[in-house]
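The values are calculated or read from the model by the stated rules, or taken from the named source; none is laboratory data. This is a predicted model, so every value here is computed, not measured. Every residue, glycine as well, gets a Cβ built from its backbone with ideal geometry; the counts of neighbours run over all protein chains shown.
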């Protein structure tokens with residue numbers, strides 16, 4: 001089982017603290033919602049976990065090891081970080097072919113994933129003609145190419161219509177039921193409340209809550225608890 | 001590494017940048033030859049075919065831009081994230097790009113040379129002369145210019161990795177060539193022959209603006225040192241920097 005472990009993670013950009021002594025787990029077989037206000041350090045934390053940013057202190061481990069030491073990283077972790085991370089002149093199929101080649105994954109996976117995200121018809125068109133929802137689905141297809149045990153998704157519902165959001169929720173639940181580890185960062189608290197098993201809330205780079213959603217929102221709602229934990233004094237109850 | 005090379009080649013083949021630059025290079029070469037021949041030069045003079053073929057050296061600017069897109073283009077379109085997720089050992093990625101784009105620059109130079117030779121031969125024939133293909137100077141020019149293209153493509157990769165922003169990197173490169181090499185070199189005198197474009201011109205067996213010039217062998221060595229320097233900087237900065 002491949003879990004994600006963040007241990008005492010700290011990152012300073014110059015003098016600015018983006019993440020401070022952050023510690024939490026995202027266990028296998030569960031969907032962990034990673035939420036916080038803008039600038040809370042969510043993207044920085046995920047980028048450190050994926051080896052894109054070097055931490056100032058602490059560590060981020062996937063299956064017990066740093067991302068950079070994974071032999072076939074794309075077969076362990078699938079990530080969608082920036083929805084617009086697509087070359088506009090490349091076709092959807094060619095974008096996936098490049099990812100498949102770099103992951104050492106057979107090309108037939110490209111057609112399989114295009115089928116999963118329902119982009120077969122548009123695969124031959126250049127990405128510059130894609131809608132936001134299509135770009136998001138293409139990004140997801142890319143993350144799934146290596147059949148990874150871990151999925152790290154930053155705002156995956158962005159640009160999806162209601163049917164797409166419901167489809168995504170269903171797929172994520174299915175992946176979790178298969179034993180995969182899912183970490184989803186999102187601002188759509190109502191959607192997070194319907195999807196996740198665990199919640200990690202950060203504010204100003206610090207942990208405010210990490211634990212089961214059911215315990216946090218037992219007496220009120222995710223939104224109410226989120227706003228309570230992320231506004232007001234930092235030394236409020238957490 | 002073979003996988004990385006294949007991936008970089010696939011990236012290059014699935015966008016149209018290289019093809020546009022090739023098309024532009026062909027146009028520049030043909031226009032340059034037409035310009036030279038339009039002045040009715042002496043077909044028997046040794047310098048005439050060299051003047052015509054020398055436009056393959058100008059193609060080195062296109063090779064430079066192609067190299068710049070290798071890394072800076074990925075930052076521009078944010079695909080650098082996917083690239084480093086697939087291969088967290090960034091040094092290997094940069095080396096793969098250096099290899100693939102140097103070869104691409106070489107191919108660009110070869111294609112431009114073929115067009116230049118053909119165009120020059122056709123023009124000579126239309127004026128009643130014939131191109132002397134046995135002239136060793138002609139081949140020294142062609143081979144030198146092709147190598148110049150390959151070297152500038154590699155330097156472009158390094159420059160793009162250092163600056164990371166596509167438009168500024170291209171601007172810096174062209175401004176350097178126009179201002180530093182074009183204008184300042186007049187003031188630097190003999191020392192200007194060590195500058196990259198001057199060295200490239202010497203490698204291409206073409207006239208240079210600086211007084212005193214390097215031999216082709218010396219110029220090749222100077223460019224190789226530039227390539228090594230830019231490659232080292234490219235690898236070091238790519239490994240060290242955060243990708244935010």
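So is residue B:178 more than 14 Å from every other protein chain (Cβ to nearest Cβ), part of a helix (DSSP H, G or I) and surrounded by fewer than 21 Cβ atoms within 10 Å (Cβ to Cβ) or not? Yes, satisfied. Pairing residues of segment B:12-32 that are closer than 18 Å to residue B:53 by Cβ with residues that are part of a loop (DSSP other than H, G, I, E, B), at Cβ distances under 8 Å and at least 6 apart in sequence or on separate chains, gives B:25/B:59; B:28/B:59; B:29/B:59; B:32/B:54.
Within segment A:123-142, the residues that satisfy the criterion of being within 11 Å of chain B (Cβ to nearest Cβ) and in contact (Cβ under 8 Å) with a residue 40 or more places away in the chain are A:127, A:128, A:139, A:142. Picking from residues in segment A:80-122 that are more than 11 Å from chain B (Cβ to nearest Cβ), under 20 Å from the mean Cα position of the chain (by Cα) and crowded, with 21+ Cβ neighbours inside 10 Å, the one that is farthest from residue A:133 (Cα to Cα) is A:113.
Within segment A:69-79, which residues are in a helix (DSSP H, G or I) and either in contact with a strand residue (DSSP E or B) (Cβ under 9 Å, 6 or more places away or on another chain) or facing chain B (nearest Cβ under 7 Å) (or both)? Within segment A:69-79, A:73, A:74, A:76 qualify.
Residues in segment B:80-99 that are touching a residue at least 40 places away in the same chain (Cβ under 8 Å), facing chain A (nearest Cβ under 8 Å) and in contact with a helix residue (DSSP H, G or I) (Cβ under 8 Å, 6 or more places away or on another chain): B:84, B:86, B:87. Filtering segment B:210-243 to residues that are touching a helix residue (DSSP H, G or I) at 6+ places or on another chain (Cβ under 7 Å) and within 14 Å of another protein chain (Cβ to nearest Cβ) leaves B:237, B:238, B:239, B:243. In the condition set (1) modelled with pLDDT of 95 or more; (2) in a helix (DSSP H, G or I); (3) touching a strand residue (DSSP E or B) at 6+ places or on another chain (Cβ under 8 Å); (4) surrounded by 23 or more Cβ atoms within 10 Å (Cβ to Cβ), residue A:176 is compliant with all but (4).
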